[in-house]
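Asker: One structure, as structure tokens, below. Some questions next.
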Amino acid sequence: MLFLLLLISCSPHGGDASAISCYDDRGEPTDWFYMYKLPKRHGAQSGLNYFFLGRGGADWTPGRAGIDHPAGALGGTLGQLYSRRNTEVAYILYNDQPPPSPPWHFPYQRGGGHTKGVVLLDETQGFWLIHSTPHFPASPRTAGKFGYPDSGVPYGQNFLCVTFPPKSFQSIGQQLQINQPAVYDCRVPASLAAALPALAAACYRNGTWRPPANRSVTLTSQGGTPFLGFAKGNAFDRDLYSSWVAPALGSDLLVQFWIHSGGILPPYCGPGPQVLDVTRVSPDATPAFNSSKDHSKWAVSPEAGNANGGGGGGWICVGDINRNQAEEKRGGGTLCQRDAAVWKAYRGAVLAYRPC
């Protein structure tokens with residue numbers, strides 16, 4: 001038995017295939033992945049096509065079937081939310097544009113953070129999925145299986161999934177409390193709430209911790225990959241990228257975000273690192289599309305970092321916030337990683353941006 005426990009703890013995915021984890025397009029557990037769903041186009045692209053890049057990958061690879069397929073990476077990952085609904089698991093579903101018929105089992109915070117995501121875990125491990133899709137995913141109280149909404153089809157969308165050990169979800173819970181997310185369904189069993197009080201507080205909006213206006217924290221995946229998380233609340237009242245993330249990373253940033261809103265911020269040209277707005281995108285040399293067709297929220301350094309990890313470049317961040325005046329006053333954040341293959345994939349997707 002001791003040997004089995006040691007084997008599980010040393011697994012690159014933190015356990016066997018039955019453990020809660022992000023899943024790749026082959027149906028295998030993975031430490032982390034990125035997905036880029038392409039916008040709907042006349043002709044070949046249905047609005048369900050996507051590219052996938054997981055740990056150990058060298059570049060984007062075409063997705064398996066459509067993003068709505070239950071055997072793809074997203075379906076395999078979120079399928080666990082429905083297959084384990086009668087077991088001792090914790091989950092939090094939050095979206096500033098919730099599904100049409102959420103269960104409303106507790107007060108829903110309208111006008112809270114501009115955030116979308118899923119947390120799912122048990123006592124051994126779990127995942128945090130950050131995404132940009134409206135009305136997604138359906139609650140396991142109201143749906144019996146994974147599905148992808150029509151509202152997520154017309155525009156480009158992004159997904160970042162990371163598998164974490166249980167202890168990381170205390171910090172993730174604190175980040176969520178700062179973000180003030182619009183939680184539309186959640187459950188944290190008493191057995192997990194005792195070990196992860198911040199996660200329970202994010203679910204049930206209780207607890208005595210007074211969140212700061214903003215906080216950054218290093219979160220290490222189950223497989224040992226460091227991610228740098230940034231979370232801001234409405235009290236921060238500034239642009240996430242130019243006022244905080246770019247200076248903290250020591251890097252200029254090219255930011256893709258939803259431009260169909262009022263008060264869009266112009267490029268930030270200094271002092272300090274510049275923050276420039278992406279205008280045209282082409283992941284993996286696909287037919288290019290304008291930012292007006294992309295609902296994603298991500299940022300990439302214009303330049304690569306040094307081979308030894310030094311220098312200010314080489315960052316990729318996927319998160320929640322758009323660069324507009326209204327969202328300076330709303331909670332949200334981003335999760336950043338320094339990985340050469342991921343940086344290359346996202347940097348290569350940028351065809352044009354608004355210069356200073």
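Every number here is computed from the coordinates shown, using simple stated rules; none is lab data. Model, not experiment: these values are computed from the prediction. Counting neighbours? That spans all protein chains shown, and the Cβs are built from the backbone with ideal geometry, glycine included.
Asker: Using a Gaussian network model of the chain whose springs link C-alpha atoms within less than 10 Å, name the residue from Phe51, Phe127, Phe136 with the highest mean-square fluctuation.
Answerer: Of the options given, Phe51 has the highest mean-square fluctuation.
Asker: Provide the descending list of Cα extents for the chain along its principal axes, expressed in whole angstroms.
Answerer: Reported extents, whole Å, longest axis first: 58, 45, 43.
Asker: Rg/Rh for segment 231-353 to two decimals, with Rh computed the Kirkwood way over all alpha-carbon pairs.
Answerer: Answer for segment 231-353: 0.95.
Asker: Now for a different question. Which of Trp209, Trp60, Trp315 moves the most in a Gaussian network model of the chain with Cα springs under 10 Å?
Answerer: Trp209
Asker: How fast does segment 19-211 diffuse by Stokes-Einstein, in µm²/s, taking the Kirkwood radius from C-alpha pairs at 10 °C and 1.306 mPa s?
Answerer: It comes out at roughly 95 µm²/s.
Asker: Can you give me the distance in nm between label points at Gln97 and Asp237, each placed 7 Å from the Cα along the Cα-to-Cβ direction?
Answerer: 2.9 nm
Asker: How big is the antiparallel share of DSSP beta bridges in the chain, given as a percent to the nearest 5?
Answerer: Restricted to the chain, the bridges split so that about 95 percent are antiparallel.
Asker: Related question: Given labels modelled 7 Å from the Cα in the Cβ direction, how far is it in nm from Leu351 to His260?
Answerer: The two pseudo-label positions are separated by 2.0 nm.
Asker: For segment 123-189, report the convex hull volume of the alpha-carbon atoms normalised per residue, in Å³, without decimals.
Answerer: Taking only Cα atoms, segment 123-189 has a hull volume of 118 Å³ per residue.
Asker: Quick check: net charge around His135, other residues with Cβ under 14 Å of its Cβ, Lys/Arg +1 and Asp/Glu -1?
Answerer: Charge balance near His135 sits at -3.
Asker: Something else now. In nm, to one decimal, how far is the modelled label at Asn306 from the one at Arg85, with both set 7 Å along Cα→Cβ?
Answerer: 5.2 nm
Asker: Lys pairs in segment 231-353, Cα-Cα under 24 Å, at least 8 apart or on separate chains: how many?
Answerer: 5
Asker: So, one more: Among Gly312, Gly54, Gly229, which one shows the highest mean-square fluctuation when the chain is modelled as a Gaussian network with alpha-carbon springs under 10 Å?
Answerer: Checking each option, the largest mean-square fluctuation is seen for Gly312.
Asker: Then there's this: Going by C-beta contacts inside 10 Å, put Cys161, Cys186, Cys269 in order with the fewest on the left.
Answerer: Listed from fewest to most nearby Cβ atoms, that is Cys269, Cys186, Cys161.
Asker: Taking the Cα centre of the chain as origin, work out the dipole magnitude from +1 charges on Lys and Arg Cβ and -1 charges on Asp and Glu Cβ, in debye rounded to 20.
Answerer: 560 debye
Asker: Further question on the same structure: Could you tell me the center-to-center distance, by alpha carbons, between segment 211-266 and segment 67-90 in angstrom?
Answerer: The two parts, judged by their Cα centres, are 28 Å apart.
Asker: Under 14 Å from the Cβ of Asp239, count the other residues' Cβ atoms, weight Lys and Arg +1, Asp and Glu -1, and hand me the total.
Answerer: Net local charge, Asp239 excluded: +1.
Asker: Which value in deg cm²/dmol, rounded to the nearest 500, describes the helix-derived mean residue ellipticity at 222 nm for the chain, given -39,500 (n - 2.57) per DSSP H run of n ≥ 4 and division by the residue count?
Answerer: Mean residue ellipticity at 222 nm (helix-derived): -4500 deg cm²/dmol.
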